[in-house]
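To start, the structure itself, in structure tokens.
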Amino acid sequence: MSATLTGPRDEAAGRRRLKQGLLRYSTLIVLALLFIGFSIGVDRFLTTTNLLNILQQISMLTIVAIGLTFGFAAREMDLSVGFMAGLAGLIAPLLLVAGWPMPVALLAGLGAGLAVGLTNALLVTLVGVPSLIATLAMGSILFGVNFLLSGGRAIYGGLPDSYLVLGQGRILGIPVVAFIMLGAVALAWFVMERTIFGRYVYAVGGNLKAAELSGIRGRRYRQAALVISSLFAAIAGILLSARLGSGQPNAGQDYLLDGLATVFIGMTMFRPGTATIAGTFFGALFIGVINNGLNLVGLDTYIQSIVKGVIIIVAVAVVSRTTKLKLI
Amino acid sequence: MAIVLSNIVMDYPGTRALDRVSVDFRDDEVHGLIGENGAGKTTLVSILGGSRAFTDGRMTLDGEELRLAGAGDALARGIAHVSQEGSLVPGLTGAENILLGAEPKRLGAVVDRRGLKRQARELLARWFPDVSIDLDAPVETLPYADQKIVEIVRALRGRVRILILDEPTATLPAREKERLWAIVRRLPKQGVGVVLISHFLSEILALSDRITVLRDGRLVETFPADGADEARLVSLMLQRGQAASAREAPREAIDAAAPPVVEVSDWQTTEAGAEHFAVRPGEIVGLIGLTGSGHFAFARSLYDAPDRVGGRLRFLGEPVAEVSAAAMRRRGVAFVPDHRMIHSLVGDWSVRENLAMVHPDAGALSGLGVLSPARETREARRVMERLAVKASSPEQVVAELSGGNKQKISIGKWLYGAEGRYRLMIFVEPTEGVDIGAKREIHQLLRDLARDGCAVVVASSDLIEIADLATRVVSFAGGHAIGELHWPNFSEQSFIAAMAGVRA
């Protein structure tokens, strides 16, 4: 429709586009290669049972990481998600064991997420504590609260089946958590990519000054992102306790590091440098496939931890060398 | 020592910043360098100071080919550059700033504090024996002139023969300027030539031995300062013919009885204010002033004034309590800021996403806030065509566009889904870093907007632009509106007089 650019600028832009195109899909290509490699090299990898296992294993992680993705998109980091998941995963079982009905228990777990998310949001946007610090401190507080609430013991016995089915049940052979996770991914994708709300969250994270001068109330979207982050952590925590069949005071702790790794890997894809829901989903799949494959090969969990660390470094290095990485 | 630049060409993507400029600088003169914004002064001294490589041409030092690998290399060859922004480290003392990076050490590691003070004092005394500055005080507590002198002394640490001073007095209160002038005058006698960039023509005339005028990246003339006057400088700096014809271009008649779109009284923010200011439909009001005089801050405060100290604002006759971007946008005020990549655009977003930033609802299905990519693309294409944006598609990343096209996107944000919606549109430096063609198109757009009944405010450092567009001009100095000029009583002299605080 309009004149194109000519000369060296055009060539440079073309090269840049090619490079970005390659970068955009390189992680997906690596994921595909891993998948093929494990399928050929590891006996029990490419079976329906195992693939459903992977899906189940990454479900809670994906849900936490989606919450983190909202935060990253608004350029706020939520380091309290792990302990938040733990808190929700304690509150719901505690109430159930005490005889409260299921809806109350679930709402209380989510309510805790809402309360923590709002507190984080107020600390960050009104008091002015950087999110990295506010949520780190919040995590420490929640860690203590979790032990106070549980007395340091697991909460179990008397959890109704209707609760346990959330984490352990299957419909048509597919884990219920996987349905919930896929629903959450679809919903979050829609909100971020297809609604004005999502566009504004990205605008605030992309250039806060420009967003505010465009008449967007930046504070509101940063608050929303932090609240959503906590809510998703609460959902993951509830599902985790249902899967474990008990509330554990230190459950969910791994979600912080794994969730961050997931988002970082996701940031290498689609729109390099920006956290996207699709990127996060494939990032979780990436981690799930690696963990599962290494498990089947018989490698210990501490080897997996090392592999994960290396992957995070590689992912972040790739992104930060090719784009301006937007962390905080 | 003499540095000769011959036929220097400097290309930036999309624009030619310098076009075959030839000029020589000597160590026994103050060489004034003047020109409007965008004339190429800063680019030229960046090349001289080694911080930019030029595209074509030749630079020689005493007849020998000179190739500079960076600012450090230039310094080693005796060329120092004191930039406009300032490079002092607040919190450190004057002495520490003078010897920054060259502190005397004991045992090779510990800073020798006493030695540092002594050396700094010696340096100051060697260059400016009759200047006394408290070098032990934190540098930010010193008067501005003294801060500049500290910077200059630091630049003179090495064996400097050419010192580039870029707008050294821009941030200085009038009473401190004399202090710096004395310093500048003395340097050539001590074997240091000065290349002086300044917007203050009286300063250029008072200090320079020779003056070079640049315009649109080209050399206009180099001539001795003796016998030159301000009128001559201004006429060389501005494209006389064009400016004159612009002034004569007819303006739409304004209905002076029409109620103002926006009106402020006793308006005061921390940066700027005006006793009374109003804009009527169809008017294009130009705001002018020297750097830091408050015209940009004032323009912005009509849209977003978190730092309001006092005053009242009425929009379409209604008193407005909350003057914030979100509230004013809703009322019908558009704001196109300067520094578009910082204040207006998301660099790694597509053209479409940037255009949709203010009114995403125009690309949405019904009122549910659900975006439709097809609708967004359609509306983005419409705006791109309306503004003749040159981009490969609405999906092209905005950072890849030329300055003119970026600026069109920055303006287009307020037309996307909002054609005719805004009653007041405020522009700050609407053609900053924009090529001539796009500049003309943007000017026409502003005229069209005004003709359609929009009230337009343009704050610009480009006086030709203001003369070309405005129906009325308000000048600012020291943070306040101080004068008003009505078309066709525009002239370079009247503008400059108004900006200098002399009521025209």
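Determine which member of the set B:Val21, B:Val82, B:Val45 is more than 14 Å from chain A (Cβ to nearest Cβ) and either small (Gly, Ala, Ser) or farther than 30 Å from B:Glu400 by Cα (or both).
Result of the check over B:Val21, B:Val82, B:Val45: B:Val82.
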| query | For B:Tyr416, which of the numbered conditions (1) within 14 Å of another protein chain (Cβ to nearest Cβ); (2) more than 15 Å from B:Ser344 (Cα to Cα); (3) crowded, with 22+ Cβ neighbours inside 10 Å; (4) among the hydroxyl-bearing types (Ser, Thr, Tyr) fails to hold? | reply | (2)
| said: Take the conditions closer than 21 Å to B:Val160 by Cβ, surrounded by 14 or more Cβ atoms within 10 Å (Cβ to Cβ), within 34 Å of the chain's Cα centre (by Cα) and polar (S, T, N, Q) and apply them to B:Thr60. Does it pass? | reply: yes
| said: Name the single residue that is surrounded by the most Cβ atoms within 10 Å (Cβ to Cβ) among those in the stretch B:340-367 being free of Cβ contacts under 8 Å to residues at least 60 places away in the same chain, facing chain A (nearest Cβ under 7 Å) and hydrophobic (A, V, I, L, M, F, W, C). | reply: B:Met357
| request: Kindly indicate whether B:Arg447 is over 22 Å from the mean Cα position of the chain (by Cα), modelled with pLDDT of 85 or more, assigned by TED's automatic domain parsing to the domain that holds B:Ala278 and surrounded by fewer than 19 Cβ atoms within 10 Å (Cβ to Cβ). | output: yes
| request: Quick one: A:Ala178 ticks every box in (1) surrounded by fewer than 22 Cβ atoms within 10 Å (Cβ to Cβ); (2) in contact with a Ser or Thr (Cβ under 6 Å, 6 or more places away or on another chain); (3) over 25 Å from A:Val104 (Cα atoms) except a single one, so which number is it? | output: (3)
| task | Give the number of residues within the stretch B:368-398 that are touching a residue at least 40 places away in the same chain (Cβ under 8 Å), facing chain A (nearest Cβ under 9 Å) and crowded, with 23+ Cβ neighbours inside 10 Å. | result | 1
| request: Please name all residue pairs, on different chains or six or more residues apart, with Cβ atoms under 9 Å, provided the first residue is in the stretch A:63-88 and is without any contact (Cβ under 8 Å) to a residue 24 or more places away in the chain and the second residue is buried (at least 24 other Cβ atoms within 10 Å of the Cβ). | output: none
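Listed here are the residues, each with its yes/no results for (1) of a type in the set (Lys, Arg); (2) touching a strand residue (DSSP E or B) at 6+ places or on another chain (Cβ under 6 Å).
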site	(1), (2)
B:Arg340	yes, no
B:Ser372	no, yes
B:Lys390	yes, no
B:Asn405	no, no
| message | Quick check on this structure: which one of A:Gly167, A:Gly139, A:Gly152, A:Gly157 is touching a residue at least 40 places away in the same chain (Cβ under 8 Å), in a loop (DSSP other than H, G, I, E, B) and within 30 Å of A:Leu55 (Cβ to Cβ)? | response | A:Gly157
| query | With respect to A:Val191, is the statement that it is modelled with pLDDT of 95 or more and surrounded by fewer than 24 Cβ atoms within 10 Å (Cβ to Cβ) true? | reply | yes
| Is one or more of the residues making up the stretch B:102-120 touching a helix residue (DSSP H, G or I) at 6+ places or on another chain (Cβ under 8 Å), closer than 22 Å to B:Thr171 by Cβ and surrounded by 15 or more Cβ atoms within 10 Å (Cβ to Cβ)? | no
| field | Subset of the stretch B:4-58 (residues that are touching a helix residue (DSSP H, G or I) at 6+ places or on another chain (Cβ under 7 Å) and of a type in the set (Gly, Ala, Ser)) | value | B:Gly14, B:Ala17, B:Gly32, B:Gly35, B:Gly49, B:Gly50, B:Ser51
| task | Specify the residue that is modelled with the lowest pLDDT; the eligible residues are those in the stretch B:11-25 that are more than 21 Å from B:Leu236 (Cβ to Cβ) and either surrounded by 15 or more Cβ atoms within 10 Å (Cβ to Cβ) or touching a strand residue (DSSP E or B) at 6+ places or on another chain (Cβ under 9 Å) (or both). | result | B:Gly14
| task | Restrict the check to the stretch B:239-261 and report whether at least one residue is under 22 Å from B:Arg340 (Cβ atoms), modelled with pLDDT of 80 or more and either outside the structural domain of B:Gly40 (by TED's automatic domain parsing) or exposed (fewer than 13 other Cβ atoms within 10 Å of the Cβ) (or both). | result | no
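Only strands (runs of 3 or more DSSP E) wholly contained in the stretch B:282-330 count here; list those with 1 or more residues that are assigned by TED's automatic domain parsing to the domain that holds B:Ile426 and surrounded by 23 or more Cβ atoms within 10 Å (Cβ to Cβ).
Strands (runs of 3 or more DSSP E) meeting the threshold: B:284-289.
Can you find even one residue in the stretch A:200-214 that is surrounded by fewer than 20 Cβ atoms within 10 Å (Cβ to Cβ), within 14 Å of chain B (Cβ to nearest Cβ) and in a helix (DSSP H, G or I)? Before you say what the answer is, go through the steps one by one.
Applying the first criterion (surrounded by fewer than 20 Cβ atoms within 10 Å (Cβ to Cβ)) to the stretch A:200-214 yields A:208-209.
From the residues that got through so far, the ones that are within 14 Å of chain B (Cβ to nearest Cβ) too are A:208-209.
Those left that are additionally in a helix (DSSP H, G or I): A:208-209.
Among the residues of the stretch A:200-214, at least one is surrounded by fewer than 20 Cβ atoms within 10 Å (Cβ to Cβ), within 14 Å of chain B (Cβ to nearest Cβ) and in a helix (DSSP H, G or I), which makes the answer yes.
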| field | the stretch B:9-53: number of residues that are farther than 17 Å from B:Arg77 by Cβ, hydrophobic (A, V, I, L, M, F, W, C) and in a strand (DSSP E or B) | value | 9
| task | Sort out which residues of the stretch A:148-207 are closer than 22 Å to B:Leu365 by Cα and not hydrophobic (A, V, I, L, M, F, W, C), and write them in order of number. | result | A:Glu193, A:Arg194, A:Thr195, A:Gly198, A:Arg199, A:Tyr200, A:Tyr202
| said: Residue under question is B:Asn97, and the condition is that it be of a type outside the set (Gly, Ala, Ser), crowded, with 17+ Cβ neighbours inside 10 Å and modelled with pLDDT of 90 or more; does it hold? | reply: yes
| task | Run down B:Glu419, B:Glu484, B:Glu429, B:Glu465 and say which single residue is closer than 18 Å to B:Arg329 by Cβ and acidic (Asp, Glu). | result | B:Glu419
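Can we say A:Leu23 is assigned to a helix (DSSP H, G or I), of a type in the set (A, V, I, L, M) and modelled with pLDDT under 95?
yes
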| field | Near pairs, Cβ below 8 angstrom, 6+ apart or cross-chain, from the stretch B:59-76 (under 15 Å from B:Arg161 (Cα atoms)) to any residue that is of a type in the set (Ser, Thr, Tyr) and not in a strand (DSSP E or B) | value | B:Ala71/B:Ser51; B:Ala74/B:Ser51
| Options A:Ala242, A:Ala224: the member that is out of contact with any Lys or Arg (no Cβ under 8 Å at 6 or more places or on another chain), small (Gly, Ala, Ser) and either within 13 Å of chain B (Cβ to nearest Cβ) or over 19 Å from A:Gly183 (Cα atoms) (or both) | A:Ala224
| query | If you scan the stretch B:285-339, which residues turn out to be basic (Lys, Arg) and away from chain A (no Cβ under 14 Å)? | reply | B:Arg308, B:Arg312, B:Arg314
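The values are calculated or read from the model by the stated rules, or taken from the named source; none is laboratory data. Everything numeric here is computed off the predicted structure, so don't read it as measured data. Methodologically, a virtual Cβ is constructed for each residue, glycine included, from the backbone with ideal geometry; neighbour enumeration extends over all protein chains shown.
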